[in-house]
Amino acid sequence: MSTPTTAELKPAPPPVETIRIKVDGRELDVPKTMPDWQGKPQPTTMLQACAMAGLEVPHYCYHPKLPIAGNCRMCLIEFGTPMMGPDRKPVLNEDGSPKIARSVLPYEPDAARGAIACATPISPGMELYPSSAATKQMREAVLESLLINHPLDCPICDQAGECKLQEYSVEHGQATSRFVETKVHKPKQVDLGPRIMLDDERCVLCTRCIRFTRDVAGDDALGIVNRGSYNSIAAYPGRQFDNNYSLNTVDLCPVGALTSKDFRFQMRVWFLKETKSLCATCGTGCNITAGAREEKLLRFEPRQNDAVNGPWMCDHGRLNYKWVQREDRLSTVISTRTGSGTWTGVLAEVAEVLRNAPKGSVAMVLSARQTNEELYLLNKLAVLCGAITDSIAREGQGDALLVSPDKNPNSNGVRLTGVAYTEMGIQIPKIAAGIRNGQIKTLVVFGEDVTRHGLEGDVLSRLDHLIVSDVLPNETTQRAHFLLPGCAHIEKRGTFVNVKGRLQKFMKAVEPKGDARPEWEFLGELLQLLGRPENFKSLEGLFNQMAKDTPAFAGLEWSRIGDLGVNVKL
Amino acid sequence: MNNARNNLTTVKRTELTFLEKLYVPTLWSGLKVTFRHFWNTLFRGKVVTMEYPEQKWTVPEGYRGAPYLVKDTEDRTKCVSCQLCEFVCPPKAIRITPPGPAVDPTTGNVEKRPKEFEINMLRCIFCGFCQEVCPEEAIFLQKDYSLTGVSRSEMIYDKEKLLALGGVHRGPIMKWKQKADEARKQDAFKPE
Amino acid sequence: MAFIVPAELEAELNELVTHYPQKRSASLMFLHAIQEHFGFISKEAAEWIASKLDLQPIHVWELVTFYPMFRQHPPGRHQLKICRTLSCALGGAYALHEHFCRKFGLDPKAHGIQTTKDGSFSVEFVECLAGCGTAPVMMCNDEFHENVSLSKADELISKCQ
Amino acid sequence: MDSIMDFIYLHRELVMGLVKICAVLAVLLPMVAYSVLAERKISAFIQDRVGPNRVALPLLGSVPVLGPFLTRLGIWQPLADGLKSFLKEDFTPNYVRKAYFWLAPAIALIPAFMTMAVIPFGSYIGTEKMVIADLNVGILYTFGIVSLGVYGLVLAGYAANSKYPFLGGIRSSAQMISYEIAMGMSVIPVFMLVGDLNLGKVIQHQSGGLFSWIIFQQPVAFFIFMVAAFAETNRLPFDLPESETELVGGYHTEYSSMKFALFFMGEYSNMIASSAMMVTLFLGGWTLPWFGLNANAPAEGGLWIGIAHIGIFLAKVLVLMSIFIWVRWMLPRFRYDQLMDLGWRRFIPIALANIVITAVILYLKHAP
């Protein structure tokens, strides 16, 4: 778990009470309590203590963001406590150090008795042996037992490559199984819900999915049915596991039992190129890892950022990537005036139009889906042409967990860069009136279908020049005189400011299609054609310049934002 | 250092005699050798050449020819598109398109089969990694060594072609069948 | 088919809830009561219990599938439960079971509860009925029968009919 | 009609010269083509292979026994090769020096043909002497022309403007010049014996029986001349200018199609020319010491003898050609320093010594 890289102003935390323990013979001070999955202080567990000592204890059912169940037994470790004499005083060795009693089975003093590290709190003087032979043996035994009925169908399992059962089998398991008996067969291809497919044979019954959907998503839809070897995860017969967070159970599932129907059989995970990006579906700005192979987007996965989304994200955002690579995607730059189809030609024409436009005859409608950098450049352009600018608000349903009612990823960016003030969209009627009375002759539209937001087709047809940049075709792009194909955010780099005022950067996962280019690139060129001195060859330079010019971003630098973003003043 | 040098044996180069220095006897014996071969080939028919299209080479066991996909004895494509061969292939000659989320109900326990499976025979180096890595025994290097085509695209063999060339593999292991049989047997023992 | 619980049963169940500190603790008793009344626990019944106890139906379903003696399908009018634990197994429980099955045209090798086509009898094995000394033992509905010979079994069937 | 006869009568030498040139070329060019086939076949046999045996002519190929036999012999292969040379893409890389690049193959080929002019390939047919140009200084002419041959190779190496041809060109110039000296010196004793530079006279000198052949009087000279001839024609073991294992093909790396074929023809013409020179200088030319074939054919009724002389000459040339091919598979290529060492420090001193010894012997013999 990483923490935000920038120091946020907070009162200094009170000194923490610590406990001195030994992990693999090394003395260590660990805090007495640690935050649990909800952030409440709870006694520090052995597993957390081992993590602090730099030793990973293998586990399936334990998850830092879920309540502890302690049912997989994978985290069993050998331990010892200071020996107490009959007088309730510690027994000492000859050299004066406390004598340690290793925990053993009651009637078998030679066999170590392990404890599940995820749920056992530490106590002063305790010694943990996460690397001992006994611990190793316990792990081997647990893995063997988990694999008794496992179908071992890794070749067709989508989890292969990121499967904890595979990883731990290699790291902690035995090479062969001693079981020759027939495996128990359970239902495969169970349709759990519209987005989830369950394979009961692969399940290790860690109940992470049950706990997530009960305690985090608040839709208590899953349970364990049947008994013994036939235990299986199920939803109530006839009911669907269909809440908006169901796909998180796929990430949570340490094995391949729960798979995403969308990603199922699409690609083996080791072929995916993973890029740190953001979800642009709503204003929350969940951190994601985009998986793509050979310029084809295949999945979004949440990337843990406790300041924004924790380790979760909603299903809607996760599946909202297919439009980017749609067939009808805008991919040719074109000027309907001269028929020119090259960026140099069209940009020169656009520059000509904007240079000759009298003050007050230009208006701009800019989307809150553009990045801060692009909005900054567009604002510069607006100042140069004396244009009025506005953006369009996009309201929708929100929920208590992650989904924001603001469906624009960068509403705050629009405000902070000065494209629109407090309320978005109040200038639109003014622009419409300006076009109607012939005052406004040139309209620049970025990323919005303005025909659906108050500037209908007949209004647009009065314009002399309509300059449009967008990703997908719509009525506005059809009416454009100059069409500049832009990029979806997943195809470029940039920053967004989410609804809570966190500025986060995202990276480029795939190449744009055809002529499409990141907007900031061609906007920089356009500004240069209009005689501005700036020439932004790199996004880093552009961001740093914007940070200098924008009060809200003062003091920021691209290289210092970090993967988890920083808070800015709204 | 000295010790090492002392242990060395120096092999003296034999001085050549005058006759040897002339090289003429050597030349003569060389000419004899070549002439003997000439004579034997021309008049005694001792030819080592195999005249290819008419005479064909007997391919030895274990020969690594072109990799093809095989079907099992029940006419099922053995490949489950796990893409391990694609991953391991050193020249990246294999390209698999996985099937997508739709499951073919006729496949029983085998949920996955390739939608498309292509091997670019121009890139293939016949190393056999694909055969070695295959967990399903679905791809085998067979005996074809003479692959010809008139265009590059023709040399990219698709799934149908690979299956047709690969034929049937009569291996004793049929994982899907074993699993399906087990599962079928156990259906009867399932608690309500 | 709507699931309707008679008023007096519902009153009985309402009273049952008050015996427990938490509503959920009453689930098993509810299931027993419902099975006693309806003979089995249908999905509708499980949902009814869940709503009654402020639970999700899956929680009730977990219990139903866990305990083999909660039935998910209606059994026959007369239920024949033959003990198959060690003493009875040695004492001829399997022969007895086979005898019943042949009589009703059922498969003696099939597993689990089997019900005749007309729904009059169901035959199943159960675990120990605590009558080892008088093996084989069996239950016909709620009656306990000891030393069940094949002729005694025939007698039992004719009595039921 | 009369005027034509008059013209022929008046310009008899010119007309006969042209006829002889045509006749020589008509023999020489097929010989070049078939020596390629011979090279391939003999090489194949030496290496236990079968050699070219696929090309069949449409009609002749279907003649019952003869057709398949000729096909297996590869008789039609040169036709196919020639056709192929014309049909292949004539590729000129764009970085070459075009004029020289185009000129080089011709320069490589022409000297080889020109050498043939002074070689007496027969005695007489009728009253016509069987040599194109009966020069008094035949051997000087030959050496003059042969030294031009190197220009074709050097020019090719230079014109191609890339490193392998360049290296090939350099090697070839050094090698040719070195061995020309040894070659030139090796033949001096021959003319000291004969007392004339006219090649016809050289043959006259050798018409006195088998042991009047100069090879028996001057074996050392013959040996040096033959080795030098191998070097001059870039044959193994002296094929350094084009050594394909290290220089890809040397001076002709960048050549394709017919231009490459011209180099090829040049090489084989050179081989034929060198063989012809050796036959003339050392092996009795068109003479044969038996059946009275030593003397010139008489003008009347000597037609058959004249033709037989030509045949004898050709047969001797063919035997030497076979030796060229045979040697190829016996010796590995020399290293460059070995090549130079052999030329400058062995052959030139030996050739000089040979001259002195011959002179001394001649002096003693003719001394009063």
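The values are calculated or read from the model by the stated rules, or taken from the named source; none is laboratory data. In this text the structure is predicted, and so the values were computed from the model without any measurement. So basically every Cβ, Gly included, is an ideal-geometry build from the backbone, and we count neighbours across all protein chains shown. Accessible surface areas use protein heavy atoms only, side chains included; no ligands, DNA or RNA. Shrake-Rupley method; radii C 1.70, N 1.55, O 1.52, S 1.80 Å.
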- request: Taking DSSP loops as anything outside H, G, I, E and B, show the longest stretch in chain D free of chymotrypsin sites (Phe, Trp or Tyr not before Pro) there with at most 12 other beta carbons within 10 Å.
  value: D:96-289
- request: Can you run the Rg to Rh ratio on segment D:58-107? Use alpha carbon positions and the Kirkwood inverse-distance Rh.
  value: 1.29
statement: Compactness summary of chain A: radius of gyration and Dmax from Cα atoms, Å, are 29.2, 100
statement: Rounded to a whole number, the Stokes-Einstein D of segment D:90-162 in µm²/s (Kirkwood radius over Cα pairs; 4 °C; 1.567 mPa s) is 92 µm²/s
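Determine the order of A:Glu201, C:Glu44, B:Glu54 by accessible area, beginning with the largest, at a probe radius of 1.4 Å. Show your work: numbers first, answer last.
Values: A:Glu201 10, C:Glu44 85, B:Glu54 125 Å².
From most exposed to least exposed: B:Glu54, C:Glu44, A:Glu201.
Leaving ligands, DNA and RNA out of it, rank D:His11, A:His185 by accessible area with a 1.4 Å probe, largest first.
D:His11, A:His185
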task: Determine how large the accessible area of A:Arg479 is when every protein chain is in place; take a 1.4 Å probe and give Å² rounded to the nearest 10.
output: 90 Å²
- prompt: At q = 0.16 Å⁻¹, what log₁₀ I(q)/I(0) does a Debye calculation on the Cα points of segment C:7-66 give, no solvent, two decimals?
  reply: -0.42
- prompt: Can you pick out the pairs among D:Lys201/D:Lys365; A:Lys537/B:Lys92; B:Lys185/C:Lys52; B:Lys71/B:Lys92; A:Lys359/A:Lys569 whose Cα atoms lie more than 30 Å from each other?
  reply: A:Lys537/B:Lys92; B:Lys185/C:Lys52; A:Lys359/A:Lys569
query: With each pseudo-label sitting 7 Å past Cα toward Cβ, what's the C:Leu16-A:Ser131 distance in nm, one decimal?
result: 5.7 nm
statement: Computed over the Cα atoms of segment D:154-269, the Rg and Dmax in Å are 17.8, 54
task: May I ask for the angle, rounded to the nearest 10°, between helix A:539-549 and the longest principal axis of chain A, with both axes built from Cα atoms and the value confined to 0 to 90°?
output: 70 degrees
message: Can you work out the Karplus-derived ³J(HN,Hα) for every residue in segment C:79-84? Use 6.51 cos²θ - 1.76 cosθ + 1.60 with θ = phi - 60°, whole Hz, and x for glycine or proline.
response: 10, 9, 10, 9, 6, 10
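Return the value, in Å² to the nearest 100, of accessible area buried between chains D and B (probe 1.4 Å, both sides summed). The partial results should precede the final answer.
Working: alone 18270 and 14890 Å², together 31720 Å².
Interface between D and B: roughly 1400 Å².
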- prompt: Using the C-alpha gyration tensor of segment A:1-160, what are the square roots of 5 times its eigenvalues, in whole angstrom, with the largest one first?
  reply: 29, 27, 12
field: Calculated P(r) of segment B:67-173 - Cα pairs past 17 Å, %
entry: 51 percent
- prompt: What Kirkwood radius, in Å to one decimal, follows from the Cα pairs of segment D:92-366?
  reply: 19.4 Å
task: Would you work out which of A:Cys487, A:Leu455, A:Leu529 lies farthest towards the positive end of the dipole of segment A:334-567? Charges go on Cβ: Lys and Arg +1, Asp and Glu -1.
output: A:Leu529
field: Qualifying trypsin sites (Lys or Arg not before Pro) for segment D:328-368 [loop in DSSP, other Cβ within 10 Å: at most 16]
entry: D:Arg333, D:Arg335
- request: Treating only the Cβ atoms of Lys and Arg (+1) and Asp and Glu (-1) as charged, compute the dipole magnitude of chain A about its Cα centre; round to the nearest 20 debye.
  value: 500 debye
- prompt: What is the helix-to-structure angle for A:133-146, meaning the angle in degrees between its Cα long axis and the longest Cα principal axis of chain A, kept from 0 to 90 and rounded to the nearest 10?
  reply: 70 degrees
task: Return the carbon/sulfur percentage of the accessible area of segment A:270-318, one whole number, probe 1.4 Å, all protein chains in place.
output: 51 percent
Chain A: antiparallel DSSP beta bridges as a percent of all, rounded to 5: 75 percent
- prompt: At a 1.4 Å probe, what is the % contribution of carbon and sulfur to the accessible area of segment A:334-567?
  reply: 51 percent
message: Am I reading the B/A interface right? What is its buried accessible area, both sides, 1.4 Å probe, to the nearest 100 Å²?
response: 2300 Å²
message: Could you tell me which residue out of A:Leu297, A:Asn243, A:Phe271 lies farthest along the dipole of segment A:179-325 toward its positive end? Charges go on the beta carbon: Lys and Arg +1, Asp and Glu -1, centred on the Cα centre.
response: A:Phe271
message: So if I average 1/r over every pair of distinct C-alpha atoms in segment A:334-567 and take the inverse, what Kirkwood radius in Å does that give?
response: 17.9 Å
message: For segment C:78-160, compute the orientation-averaged projected area of the C-alpha convex hull (one quarter of its surface), in nm².
response: 4.7 nm²
task: Using only Cα atoms, locate the centre of segment D:14-42 and the centre of segment A:223-271, then give the distance between them in Å, rounded to an integer.
output: 87 Å
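Under unit Cβ charges (Lys, Arg +1; Asp, Glu -1), what dipole magnitude, rounded to 20 debye, does chain C have relative to its Cα centre?
460 debye
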message: Tell me the accessible surface of D:Met130 in square angstrom (1.4 angstrom probe, heavy atoms of protein chains only), to the nearest ten.
response: 20 Å²
message: To the nearest hundred square angstrom, how large is the accessible surface buried between A and C, total for both chains, probe 1.4 angstrom?
response: 1200 Å²
message: Give me the base-10 log of I(q)/I(0) for segment A:102-172 at each q in 0.21, 0.23 Å⁻¹, Debye formula, one uniform scatterer per Cα, rounded to two decimals.
response: -1.00, -1.10
query: Can you give the translational diffusion coefficient of the protein assembly as shown in µm²/s, computed by Stokes-Einstein from the Kirkwood radius over Cα pairs at 4 °C and 1.567 mPa s?
result: 31 µm²/s
message: What do you get for trypsin sites (Lys or Arg not before Pro) in segment A:32-114 restricted to DSSP loop and a cutoff of at most 12 other Cβ within 10 Å of the site's Cβ?
response: A:Arg88
query: Tell me, in nm to one decimal, what length is gained between A:Ala554 and A:Ser123 on full extension, where the rule is 0.36 nm per residue of separation less the Cα-Cα distance?
result: 150.4 nm
statement: Among B:Thr49, B:Thr97, B:Thr148, the residue with the largest mean-square fluctuation in a Gaussian network model of chain B built from Cα contacts under 10 Å is B:Thr49
task: Tell me the label-point distance for the pair A:Lys322, C:Cys160, using the 7 Å Cα-to-Cβ offset, in nm and rounded to one decimal.
output: 5.5 nm
field: Efficiency of FRET between B:Thr14 and A:Glu167 - r from beta-carbon atoms, R0 60 angstrom, step 0.05
entry: 0.35
- request: May I ask for the distance between the Cα centers of segment A:345-376 and segment D:226-244, given as a whole number of Å?
  value: 76 Å
field: Pairwise FRET efficiency - D:Phe69 versus D:Ile177, Cβ, R0 = 51 Å, nearest 0.05
entry: 0.65
task: Provide, in order from the shortest bin, the percent of all Cα-Cα pairs of chain B in each 5 Å bin, continuing until the bin that contains the maximum pair distance.
output: 1, 6, 10, 12, 11, 8, 7, 5, 5, 6, 6, 6, 5, 4, 3, 2, 1, 1, 0, 0, 0
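Which whole number in µm²/s is D for chain C by Stokes-Einstein, with the Kirkwood Rh taken over Cα pairs at 10 °C and 1.306 mPa s? Mind showing how you got there, number by number?
On the way: Rh = 17.2 Å.
So the translational diffusion coefficient is about 92 µm²/s.
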- prompt: Does any residue of segment D:18-57 lose at least 50 Å² of accessible area with all protein chains in place compared with its chain alone, and if so which ones (probe 1.4 Å)?
  reply: D:Phe45, D:Ile46, D:Asp48, D:Val50, D:Arg54
query: Which Cα, out of C:Pro57, C:Leu13, C:Phe30, lies furthest along the positive dipole direction of segment C:7-66 (beta carbon charges, K/R +1, D/E -1)?
result: C:Pro57
statement: Rounded to one decimal in nm, the spacing of the 7 Å Cα→Cβ label points at D:Ile8 and A:Lys569 is 11.9 nm
statement: If amide H atoms are modeled at 1.01 Å from N in the peptide plane, then the residues at a separation of 5 or more from A:Ser391, or on another chain, having amide H under 5 Å from its own are A:Leu366, A:Gly425
task: As a check on your grasp of the helix formula, calculate [θ] at 222 nm for the protein assembly as shown: sum -39500 (n - 2.57) over DSSP H runs of n ≥ 4, divide by the residue count, round to the nearest 500.
output: -11500 deg cm²/dmol
Long-range amide H partners of B:Thr97 with built H, under 5 Å: B:Lys115, B:Glu116, B:Phe117, B:Glu118
- line: proj_area_mean for segment A:23-114 (convex hull on C-alpha atoms), units nm², value 7.9 nm²
task: Kindly provide the pair-distance distribution of segment A:179-325 built from C-alpha pairs, with 5 Å bins from 0 and whole-percent values in order of increasing distance.
output: 2, 10, 17, 22, 19, 14, 9, 5, 2, 1, 0
- line: In segment A:165-228, the trypsin sites (Lys or Arg not before Pro) that sit in a DSSP loop and have at most 15 other Cβ atoms within 10 Å of their own Cβ are A:Arg178, A:Arg227
- prompt: Using +1 on the beta carbon of Lys and Arg, -1 on that of Asp and Glu, and nothing else charged, what's the dipole of segment A:63-189 about the Cα centre, debye to 20?
  reply: 380 debye
C:Ser25-B:Asp158 FRET efficiency (beta carbon distance; Förster radius 45 Å; 0.05 resolution): 0.10
task: May I ask what percent, to the nearest 5, of DSSP beta bridges between residues of the protein assembly as shown are antiparallel?
output: 75 percent
